[in-house]
């Protein structure tokens with residue numbers, strides 16, 4: 001059990017703050033340069049979150065998403081939500097633009113090594129058609145492509161029950177979006193295709209999902225303050241879970257190589273295709289904000305359970321403070337039970353059956369700076385261990401998460 | 001551990017202490033959304049104005065492309081405009097644009113510093129569109145939508 005010792009944890013925070021300070025100083029200098037929307041211009045902007053989170057138990061670790069190998073326990077940690085992103089935009093002319101975005105956050109290898117999240121060339125052949133080529137964020141679900149920009153949404157982080165099963169954040173590929181007017185409302189469709197890029201930390205190893213082709217599409221109808229979106233996406237995995245090393249330790253009794261191979265073949269992920277369906281409804285008018293999202297995931301591999309998830313979130317702005325209330329849930333379904341040795345144990349790792357009550361407030365304290373405080377009350381089955389990290393036997397499925405963040409954009 | 005909130009706040013001081021609203025008189029009368037008269041657009045619905053200023057759709061019914069300009073954040077007329085148009089606070093407008101910009105959907109609208117520059121923008125672009133005090137509208141502009149106080 002090599003969890004973060006206090007000095008090491010403290011060093012993380014210190015390094016983060018120093019980096020944030022340095023980058024903000026540089027960005028501050030950049031901001032004082034004139035930046036106007038003229039053709040041929042070059043602009044730099046950024047976003048970030050300084051966050052602290054803790055829970056009320058040491059029995060599990062709470063993570064923001066699957067990319068995080070370690071999470072929050074009883075001690076405050078800055079790793080869950082802290083992030084810094086910098087984006088450079090070069091507008092070549094009215095048709096072409098190039099964008100690069102780098103992001104530093106706690107990631108699969110327990111470092112804050114910056115990554116290129118976006119790097120693309122955007123072509124707008126007409127005011128209604130837009131195409132992008134390069135490294136792109138994915139919109140598997142509504143708002144999934146701005147999950148890291150805390151300033152852009154109401155709660156501290158996108159509801160985990162809904163987004164946890166979404167480890168993919170970038171593809172190398174292309175997308176195209178078309179907008180069509182319907183009276184004074186708009187209909188927008190988008191399609192994308194690309195090769196996934198990313199690593200998912202497992203117990204001791206990392207699962208590299210790079211090279212897996214994914215594609216998707218959505219249709220979105222905007223009518224005044226209402227926005228309705230339906231979307232579909234799929235990914236065809238091209239690698240297996242790296243569980244071979246651990247597999248023998250999962251199974252207490254003697255196992256022949258043949259038996260192990262049969263079990264692993266049953267749990268094969270390589271070559272399987274998972275399907276993602278979602279529906280989102282957003283109402284945003286005056287002081288009110290309301291979101292309702294539903295998704296259904298059909299897994300191709302017998303190693304993972306299919307699932308339903310959803311959330312509802314409502315906020316009402318009073319002056320510069322917006323209290324909000326939400327509920328999210330996730331339910332595994334359609335297991336493929338088997339008496340083959342080890343199968344049940346591997347499947348148990350992706351099981352979830354829980355709901356989360358979210359209570360919090362966002363305070364827009366200054367221009368482009370928001371402070372947020374949030375309480376997440378997660379109530380689940382004790383077997384609902386996905387995607388928590390390092391759960392201890394005997395955990396009762398309940399965890400409360402307390403979060404404080406400062407989000408900013410520049 | 002206690003060091004984080006404090007040093008983070010120090011690091012952010014330049015942002016928090018950004019210049020507050022300029023001491024300029026704000027429009028007490030009506031605001032009007034105006035289009036360059038040469039563009040040939042006479043009237044828009046509230047939804048159409050929202051579509052243009054939120055970057056959702058920017059073609060007029062006659063097929064010409066709207067060229068909107070926004071005011072700098074610090075100008076009080078900007079918050080009046082969005083409050084009257086959609087009932088939203090400036091922080092919510094900026095949150096909306098941060099989502100658009102950092103998910104690469106679109107760029108922010110071009111920004112001008114003063115209402116005078118706004119009228120210059122509208123005159124200089126064949127289908128320029130912006131918001132001005134209704135009392136200051138002349139023949140160079142078509143009022144396409146009125147926002148009562």
For this session: Can you tell me the order of A:272-280, A:330-338 when each peptide is scored by its average per-residue count of other Cβ atoms within 10 angstrom, highest first?
Result: A:272-280, A:330-338
Problem set entry | Share of alpha-carbon pairs per 5 Å distance bin for the stretch A:155-314, given as whole % | 2, 8, 13, 16, 17, 14, 10, 8, 5, 3, 2, 1, 1, 0
Exercise. If you rank A:131, A:142, B:77 by fewest surrounding Cβ atoms within 10 Å, what's the result?
Worked result: A:131, B:77, A:142
Exercise. Quick one: if you stick a label point 7 Å off each Cα along the C-beta vector at residue B:138 and residue A:244, how many nm between them?
Worked result: 8.0
Exercise. So what does the Cα-only Debye profile of the protein assembly as shown read at q = 0.06, 0.10 Å⁻¹, as log10 I(q)/I(0), no solvent term?
Worked result: -0.32, -0.86
Exercise. Looking only at A:194, A:45, A:310, which one moves most when chain A is put into a Gaussian network model with springs between Cα atoms under 10 Å?
Worked result: A:45
For this session: Calculate how steeply helix A:257-266 sits against the longest principal axis of the alpha-carbon atoms of chain A, using the helix alpha-carbon long axis, and give the answer as 0 to 90 degrees to the nearest 10.
Result: 40
For this session: Give, in nm to one decimal, the length gained when the segment between residue A:288 and residue A:56 is fully stretched (0.36 nm per residue of separation minus the Cα-Cα distance).
Result: 80.4 nm
Seminar exercise, completed: Within 10 Å of the Cβ of an average residue in B:84-91, the count of other chain Cβ atoms is 5
For this session: Compute the long axis of helix A:6-31 from its Cα atoms, compare it with the longest principal axis of the Cα atoms of chain A, and write down the angle in degrees, 0 to 90, nearest 10.
Result: 20
For this session: For a label point 7 Å from the Cα of residue A:400 along Cα→C-beta, name the residues of the stretch A:378-394 whose backbone N is under 11 Å from it.
Result: A:378
Exercise. By its C-alpha gyration tensor, with a ≥ b ≥ c as the square roots of the eigenvalues, how is the stretch A:265-405 shaped: rounded for a/c under 1.5, else prolate for a/b larger than b/c, else oblate?
Worked result: prolate
Problem set entry | Helix-only CD estimate at 222 nm, as mean residue ellipticity for the protein assembly as shown, using -39500 (n - 2.57) per DSSP H run (n ≥ 4) | -6000 deg cm²/dmol
Problem set entry | Separation of the residue A:205 and residue A:191 label points, Cα + 7 Å toward Cβ, nm | 3.7
Problem set entry | C-alpha center-to-center spacing [the stretch A:321-336, the stretch A:61-124] in angstrom | 24
Exercise. For the residue pair residue A:281 and residue A:126, what label-to-label distance in nm results when each label sits 7 Å from Cα along the Cα-to-beta-carbon direction?
Worked result: 3.3
Seminar exercise, completed: The alpha-carbon center of the stretch A:361-395 and that of the stretch A:163-231 are separated, in whole Å, by 24
Exercise. For chain A, modelled as a GNM with alpha-carbon contacts under 10 angstrom, which of A:92, A:385, A:235 fluctuates the most?
Worked result: A:92
Problem set entry | Modelled FRET efficiency - R0 41 Å, residue A:119 with residue B:43, Cβ distances, 0.05 increments | 0.45
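Read the figures in this text as sums done on the coordinates, not as results from a lab. From a predicted model like this one, the values you see are computed outputs, not experimental measurements. Here the Cβ is made from the backbone with ideal geometry for all residues, glycine too, and neighbour counts use every protein chain on show.
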